[in-house]
Each structure stands twice: as structure tokens, then as C-alpha cells.
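Below is one structure, written out as C-alpha cells; comments come after it.
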Amino acid sequence: MLHFAQIFSYGLLSGALYGLVALGLSLVFGVMNYLVIAHGALIMMAAYMTFWAFFYLKIDPFLFILLVTPAFFVIGWVLFKVLYQSLMKFSEGEKIKNSLLISFGLLLIFPNMAILFWTADERAVATGYTGKVFDVFGVRLPYIGLGGVALAIIVIIALHLFLTRTYFGKAIRAVSQDHEAATLMGINVNRVCLVAFSMGFALAGIPGVITSLHAFNPAISFDLTNKALIVLILAGFGSIKGVLIGGLLLGAIEAAGVYIVGTPYREVFGLILFVLILMFRPQGLAGKKA
Amino acid sequence: MLEVENVDVYYGDVQALWNVSFRVEGEEIVALVGSNGAGKTTVLKTITGLLRPRNGNVRIYGVRSDTIPAHKIVDLGVSLVPEGRRLFRDMMVLENLEIGGYIGRARNVKNENLRWIFEIFPVLENRLRQLAGTLSGGEQQMLAIARGLMSEPKMLLVDELSLGLAPLIVKNIYKILKEINTSRKMTILVVEQNVRLALEIGDRAYILENGRISGEGRGIDLLNSEQVKKAYLAMG
């Protein structure tokens, strides 16, 4: 029983991280139908930046969020202008296909850049609190995992409030539903898309920081993108609220798999789930859109 | 005041409007009628900047609107209630209204405008927290008009409001538009497939046929003209 509780709580801790990983991808897809599968690579790059900041400047990873988030906002801004803005005029399906192609290119470029800069070796930021745990009735909860959960909850609530309580946030949602009608209301759709896209990039910074606290290497880009896509399928494409639940669900399912079959098969269960959902509920578990 | 002068509009290589000219003066209700595919919606999309004329020009209260970005046109004082309503279905009624009043000058007077909207459409006040997509057809059309009014326009463009609605509801909504026209001195351009209805409500009207203006006059005169009776009212 204790063994199960331990595995299950680890599952939920990673699940919250999965939610964070998928958040930026979900936002960008929801607003402009761009499927930026390079998201995992962005998170990986953010993890390396965190590693550098800690290694050379002794900046605490959690503090580094305040730097890495705006930095990725700017990177997103530039990449949108250079690579993605020209796709705006295409129809929905063309946008998905073309953004997928561009992002696939980025998903190859970024990890190779990372190998050049940092080699393919495993790295991890080792802080004073790495490996420290809370003991709750014998279940060990690492500080880092709990920090991740707290961040995931804070960020998702903050994003939700931004999207539902501010004029700009509502404009983002309006654009996500109907570009033309939003234009008629006086909303600058290009500007809204630019900002939403950059926000999606900024949202890669936070999971990047948490990733840096565990062992990571350039190749995790693909794993992270994988997780993000599974969470998106679970949550329904473009749903912000669903993302945390989708992440936790994936974490729980992986935990169940680990408990029943064993740790080496952890990754398999997410993918099986992915295939099953695509077969039986292609609109996602919570999604309405086909 | 709206002036459309010698406008040619193309979809790619296909010409949709040919040398279209008409004007809407202050405080009047003008109807633009024509059958399906005549180019009525194209005219409205050109006025609101969603389409650009290849030749000719559009002036809204003296300002050339065909050269400024589409999202700035609502600032000139016109607001379009689009065909098929085009509500933000996954947002609440209140949020739809707020987005309607997105531009700066409208935000400052949001509460006054909301109060006015609830006087015109009391049913919306009870539905504020409901998702727009869950409203009935008539309520959705009311919300679309209300959303258009939230930007404090001097001129309201209404596209095909009768589409998919019961005749009684249509009549009711047109009555409300007439009231807004009188009480608020709102200039209104209605675009309608339902020719009789539009000619009854319009002070003046233009007839659009195959992308060309083929007739104009007082609504009542057109209603009695042979051309209209034959082509649109199945009479004579």
C-alpha cells in the first residue's frame, strides 16, 4: 500500500509538470491553430539556460524563472515575426500543416544547437534542496516536485484569470473563436496572435526550470513534446483549464503502469492512451471541437 | 455618412462588384436588397475593411476607409452586425458585449451602454452569464446587434438579420432597430434578401443585381415599382 501511494504521488507530481509542459502549446494552438511541436525543444533550451545561470552565476533555478520567462517571450516574438507571421493568411488546415513543418525543423535545430553548446551529456542542476523530501506518513514528496506542482497551479490559475478577467485576455479568446468577427470589434488580430504566440514561448520557460532540476539532455525535447501532445489530447485541444487535469491524468496513468508492469514501461502507457483516445474520442476527452 | 464610389471588388480573379456607388446620409435607414449571391455581403465586407476594393473608394464620415487597417474602421463610427451573427459562442453573453465595446472610447462608458442595451433587449440581462452559443436564434441575433451597439457607432450595418429566424421575431427585431434609429439618431444600413421587409423599413433603398446597382429610390416607391414586383415579390 505504501509502495502504491509512493508511486502514485510521484505520478501526480510529474503529472503537474506535464500540465505545465503542455500549457504553452495549448495556448498557441487554441488561438491561431499553430501546432508548435518544437515546444519540447524550447523547454529543453530553457533548462540549459537555467543550468548555465546556476553553474556560472549561482542563480537559484526558481528565481531564474523571472529571467527566463521574459527571455523566451522575446524569442517567441522574434520567431513569430521571422517564421510564423506569414502563415496567418492561410486557412485553418494549412496553418496546422505549415506550422507543423516549421516547428519540426526547429525541433531538429534546437537539440543539435544544444549538443554543440553543452554536449549530449546528462546534466542536472544540483541545488541545496535537491533530493530533500517531505515525509507524509512514509510517503516521500521531494521539494522540487512539490515546487513544480505549486508553480503549475499558480501559472494555470494566473493564465486563466488573465484570459477571463482582462480585456486583452478576452480579446485573445475572441480571436481564438473567430478572427474576422474579432477584427470587426476593433481587435488587432495580428497583434493579439503575436502576443499569444510569445506568451506560449514564455510558458516554456517555467517547465524548463523544473526540468533542469532533474537529469536532462538535449534529446528530452522529443519526450517533452510527446507528453505535451498526449496531455493536449486528454485535455482537448486549446483548452487551458483542461491542461492541468490532463497532465495529472497522464501522471496517474503512468504511475498505475509502473505499479502494475514496472518502471521500464512508464512511457508506453501514455502512448497507448494516446492511440486509444485518437481511435475512440478523437476530439479529446474533454474537448468539444472535432 | 457613408459614401461608396465606383467600387470594384474581386475574389482572386473573379469580379464580385462592378462600379458600385451609393451613399447613406445621417439618421436615415437605407436598405440594400438583392437576391442570393448578388454581392450584398461583399459590399458590407468592403465597407468594414475585410475586403479591399481594387478600384474606387469608400469614405466613412469623410475618412477614406479602404486604406486603413480593418480593425481601425470601427473607430470611425460604423459597426457591422455580420451575417450568421458570428458571436463568440464559447464566451458568456456579457463577455460578447464587452468585446463589442473593446475600443478605447467605448470601454470608458461600458456601464452606461450596458444599461441602455438592457433597456432595448431586456432578455439579455437575464442571460449575462450564459454562453452565447446556448442562446436561441432570436436571442443570438439580439446579442449580435447589442454587441455591435457597444462600440457606440453612429452607423449600424446589419447583414441579413432575417436569416433562419421566425417571421414574428424578425418583425420584432426590425421594430427595435427602427426605435434605435429614432431615439438614438442612429444611421442604419440593412442588407436583406427579404426584399419586401427591407423596402418597408428603409427610407431609401438600393437594389443590387449581379454585383451592380440596378435601381434606387424611396423604399415605398420601389415596393410599388414593376421591376421589383416582377423580380422579387413574385407579382405581376
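The values are calculated or read from the model by the stated rules, or taken from the named source; none is laboratory data. From a predicted model like this one, the values you see are computed outputs, not experimental measurements. Every residue, glycine among them, receives a Cβ derived from its backbone with ideal geometry; neighbour counts consider all protein chains shown. For the accessible areas, the whole protein counts, side chains as well, though only heavy atoms, and no ligand, DNA or RNA atoms are used. Shrake-Rupley method; radii C 1.70, N 1.55, O 1.52, S 1.80 Å.
Summary of values
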{"read-out": "Residue match in region A:129-141 (condition: assigned to a helix (DSSP H, G or I) and either surrounded by fewer than 16 Cβ atoms within 10 Å (Cβ to Cβ) or more than 14 Å from chain B (Cβ to nearest Cβ) (or both))", "value": "no"}
{"read-out": "Condition broken by B:Met1, with the remaining ones in (1) away from chain A (no Cβ under 14 Å); (2) within 17 Å of B:Gly148 (Cα to Cα) satisfied", "value": "(2)"}
{"read-out": "Region B:24-72: number of residues that are within 15 Å of the chain's Cα centre (by Cα) and basic (Lys, Arg)", "value": "2"}
{"read-out": "Checklist (1) outside any helix (DSSP H, G or I); (2) hydroxyl-bearing (Ser, Thr, Tyr); (3) over 19 Å from the mean Cα position of the chain (by Cα) applied to A:Tyr259, failing item", "value": "(1)"}
{"read-out": "Test: residue in region A:85-94 that is touching a Pro at 6+ places or on another chain (Cβ under 6 Å) and either part of a helix (DSSP H, G or I) or at pLDDT 95 or above (or both)", "value": "no"}
{"read-out": "Given (1) under 30 Å from B:Pro122 (Cα atoms); (2) open to solvent by 30 Å² or more (accessible area, probe 1.4 Å); (3) of a type in the set (D, E, K, R), number of the condition B:Glu192 does not satisfy", "value": "(2)"}
{"read-out": "Residue list for region B:118-134, restricted to those being closer than 21 Å to A:Glu180 by Cα and touching a helix residue (DSSP H, G or I) at 6+ places or on another chain (Cβ under 7 Å)", "value": "B:Ala132"}
{"read-out": "Members of region A:155-174 found to be over 18 Å from A:Phe73 (Cβ atoms) and more than 9 Å from every other protein chain (Cβ to nearest Cβ), listed by number", "value": "A:Ile157, A:His160, A:Leu161, A:Arg165"}
{"read-out": "Single residue of region A:38-58 satisfying the filter (hydrophobic (A, V, I, L, M, F, W, C) and touching a strand residue (DSSP E or B) at 6+ places or on another chain (Cβ under 8 Å)) that is most open to solvent (accessible area, probe 1.4 Å)", "value": "A:Phe51"}
{"read-out": "Filtered residue count, region B:195-236, keeping only those that are open to solvent by less than 70 Å² (accessible area, probe 1.4 Å) and out of contact with any Asp or Glu (no Cβ under 6 Å at 6 or more places or on another chain)", "value": "24"}
{"read-out": "Of all residues making up region A:162-203, the number that are closer than 25 Å to B:Thr48 by Cβ and either charged (D, E, K, R) or touching a Cys at 6+ places or on another chain (Cβ under 6 Å) (or both)", "value": "5"}
{"read-out": "The one condition in (1) of a type in the set (A, V, I, L, M, F, W, C); (2) at pLDDT 95 or above; (3) buried (at least 24 other Cβ atoms within 10 Å of the Cβ) that A:Met32 fails to fulfil", "value": "(2)"}
{"read-out": "B:Tyr174 being in contact with a Leu (Cβ under 8 Å, 6 or more places away or on another chain) and over 21 Å from B:Ala16 (Cα atoms)", "value": "yes"}
{"read-out": "Test result for A:Ser103, at pLDDT below 95 and either closer than 24 Å to A:Ala196 by Cβ or under 20 Å from the mean Cα position of the chain (by Cα) (or both)", "value": "no"}
{"read-out": "Some residue of region B:115-127 being exposed (fewer than 15 other Cβ atoms within 10 Å of the Cβ), in contact with a Phe, Trp or Tyr (Cβ under 8 Å, 6 or more places away or on another chain), more than 13 Å from chain A (Cβ to nearest Cβ) and not in a loop (DSSP other than H, G, I, E, B)", "value": "yes"}
{"read-out": "Residue in region B:93-113 that is farthest from A:Lys170 (Cα to Cα), counting only those that are open to solvent by less than 20 Å² (accessible area, probe 1.4 Å) and more than 8 Å from chain A (Cβ to nearest Cβ)", "value": "B:Asn113"}
{"read-out": "Options B:Ser151, B:Ser162: the member that is open to solvent by less than 30 Å² (accessible area, probe 1.4 Å), in contact (Cβ under 8 Å) with a residue 60 or more places away in the chain and either of a type outside the set (A, V, I, L, M, F, W, C) or not in a loop (DSSP other than H, G, I, E, B) (or both)", "value": "B:Ser151"}
{"read-out": "Matching residues in region A:187-216 - criterion: being within 10 Å of chain B (Cβ to nearest Cβ) and either open to solvent by 10 Å² or more (accessible area, probe 1.4 Å) or in contact (Cβ under 8 Å) with a residue 60 or more places away in the chain (or both)", "value": "A:Asn188, A:Val189, A:Asn190, A:Arg191, A:Val192"}
{"read-out": "When residues of region A:175-186 are limited to those that are open to solvent by less than 50 Å² (accessible area, probe 1.4 Å) and of a type in the set (S, T, N, Q), the one farthest from the other protein chains (Cβ to nearest Cβ)", "value": "A:Ser176"}
{"read-out": "Residues satisfying the stated conditions in region B:17-38, i.e. over 25 Å from B:Asp75 (Cα atoms) and in contact with an Asp or Glu (Cβ under 9 Å, 6 or more places away or on another chain)", "value": "B:Leu17, B:Trp18, B:Asn19, B:Val33, B:Gly34, B:Ser35, B:Ala38"}
{"read-out": "Qualifying position, being under 19 Å from the mean Cα position of the chain (by Cα) and either open to solvent by 60 Å² or more (accessible area, probe 1.4 Å) or under 18 Å from A:Asn188 (Cβ atoms) (or both), among A:Pro61, A:Pro70", "value": "A:Pro70"}
{"read-out": "Some residue of region A:224-244 being more than 14 Å from every other protein chain (Cβ to nearest Cβ), charged (D, E, K, R) and open to solvent by 60 Å² or more (accessible area, probe 1.4 Å)", "value": "no"}
